[in-house]
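Written out below as structure tokens is the structure these notes cover.
Just so it is clear, none of the values below were taken in a lab; they were calculated from the coordinates. Predicted model only: the values in this text are computed from it and were never measured. Cβ: placed from backbone, ideal geometry, glycine included. Neighbour counts: every protein chain shown.
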Amino acid sequence: MAEETYVPGSNLDIAKMPGHWLLARMGKRVLRPGGIELTRRMLDTLAIGPNDHVVEFAPGLGVTARLTIARQPASYTGIERDAAAATAVQKFLTSPHYRCLTGSAEESGLEDGSATVVYGEAMLTMHTQGQKARIVREAYRILRPGGRYGIHELGLTPDNLNDEKKDAILRDLSAAIHVGARPLTSSEWRAVLEAEGFQVQAEHTAPMHLLEPARMLQDEGLGRTLRIVFNILRTPQARQRILTMRRVFRAYQDHLMAISLVAVKPEVV
Ligand SMILES: C[S@@+](CC[C@H](N)C(=O)[O-])C[C@H]1O[C@@H](n2cnc3c(N)ncnc32)[C@H](O)[C@@H]1O
């Protein structure tokens with residue numbers, strides 16, 4: 001199966017590659033901070049049904065795409081920046097109404113008002129404030145009035161976390177995962193959505209336990225978890241990097257969280 005054989009970034013240097021592709025290389029499939037549980041809550045809140053035209057920004061390895069198409073929406077379009085990941089997702093989308101395109105969520109190329117649901121996970125966090133705004137604006141543009149937008153991202157807590165602490169978290173996280181990580185507080189995430197015209201209707205949070213054993217078992221199952229652990233143990237460079245990532249996540253566990261917001265594009269603007 002494509003999902004089993006394809007690993008994005010397999011040609012990259014382990015010491016430098018983005019943390020999410022390193023985890024994927026070790027066999028991890030669920031690459032979002034709140035795990036599959038928070039994904040399910042987001043999808044339940046989005047209430048995707050047979051009449052929906054769904055767009056997913058950054059499907060990655062397609063874990064959520066599979067959950068979405070199990071709900072049999074009228075159409076599904078993934079917009080994924082990594083061409084090889086997009087191809088791998090496309091391989092399991094057999095219906096002509098379901099597709100995954102290579103492209104950027106900042107400029108999807110999709111028509112105005114062509115979607116009833118847009119969502120994206122673990123992708124806004126890695127963008128600057130300006131890029132975040134452009135991606136959210138793009139979601140707004142392609143949604144019909146009344147359409148729903150879901151995000152699942154890395155959050156900071158409490159809401160009044162001081163700037164010094166925020167800067168330290170951003171610095172240490174980015175150094176560990178080799179991607180510019182810019183998580184926001186709940187109020188800040190809401191403001192990003194509201195600034196583009198969305199009305200936030202629901203918020204769910206979960207602990208940031210991406211690399212904790214219990215979450216790994218929940219997300220990946222026993223067999224895959226054992227395989228991931230085995231792969232990490234036999235790849236010293238990867239082990240070192242992943243332990244560093246987990247050390248940073250644990251060091252800031254009181255201030256990191258996973259957050260999902262679901263918002264609507266108002267019917268009358
Ligand atoms: C941390 S992974 C998350 C993948 C998947 N959403 C998940 O939660 O398992 C980040 C993904 O975002 C994709 N990505 C980043 N920026 C993007 C953009 N502007 N447009 C589309 N995809 C993007 C990357 O290629 C990668 O697949």
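In table form, for the structure just shown:
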item	result
At R0 = 25 Å, FRET efficiency that the Cβ-Cβ distance of Ala175 and Ala214 yields, to 0.05	0.45
Most fluctuating residue given options Leu161, Leu110, Leu170, as computed from a GNM of the chain linking Cα atoms under 10 Å	Leu161
Computed [θ] at 222 nm, deg cm²/dmol, the chain (DSSP H ≥ 4; -39,500 (n - 2.57); rounded to nearest 500)	-13500 deg cm²/dmol
Length added when fully stretched, Lys16-Leu101, from 0.36 nm per residue minus Cα-Cα	27.9 nm
Extension gain, Arg246 back to Ala202 (0.36 nm per residue minus Cα-Cα distance, nm)	12.9 nm
Candidate lysines - alpha carbon under 26 Å from Lys166, same-chain residues fewer than 8 apart omitted	Lys16, Lys132
Furthest towards positive pole of dipole, Ser95, Leu233, Ile69, structure part the chain, Cβ charges	Leu233
Per principal axis, descending, Cα span of segment 110-163 in whole Å	40, 19, 17
The chain - percent relative contact order, Cα under 8 Å, separation 6 or more	25
Gln237-Glu164 pseudo-label distance in nm [points 7 Å out on the Cα-to-Cβ vector]	3.8
Size of electric dipole in the chain: Cβ of Lys, Arg +1 and of Asp, Glu -1, about Cα centre, debye, nearest 20	900
Within a Gaussian network of the chain (alpha carbon springs, distance under 10 Å), most fluctuating of Glu212, Glu153, Glu121	Glu212
Zero-based 5 Å bins, Cα pair distances in the chain, whole percents	1, 6, 13, 18, 20, 18, 13, 8, 3, 1, 0, 0
Relative contact order of segment 124-269, defined on C-alpha pairs under 8 angstrom at six or more residues apart (%)	44
13 Å Cα-Cα reach of Lys28 towards aspartates and glutamates, excluding residues that sit fewer than 8 places from it in its own chain	Glu3, Glu4, Glu212, Asp219, Glu220
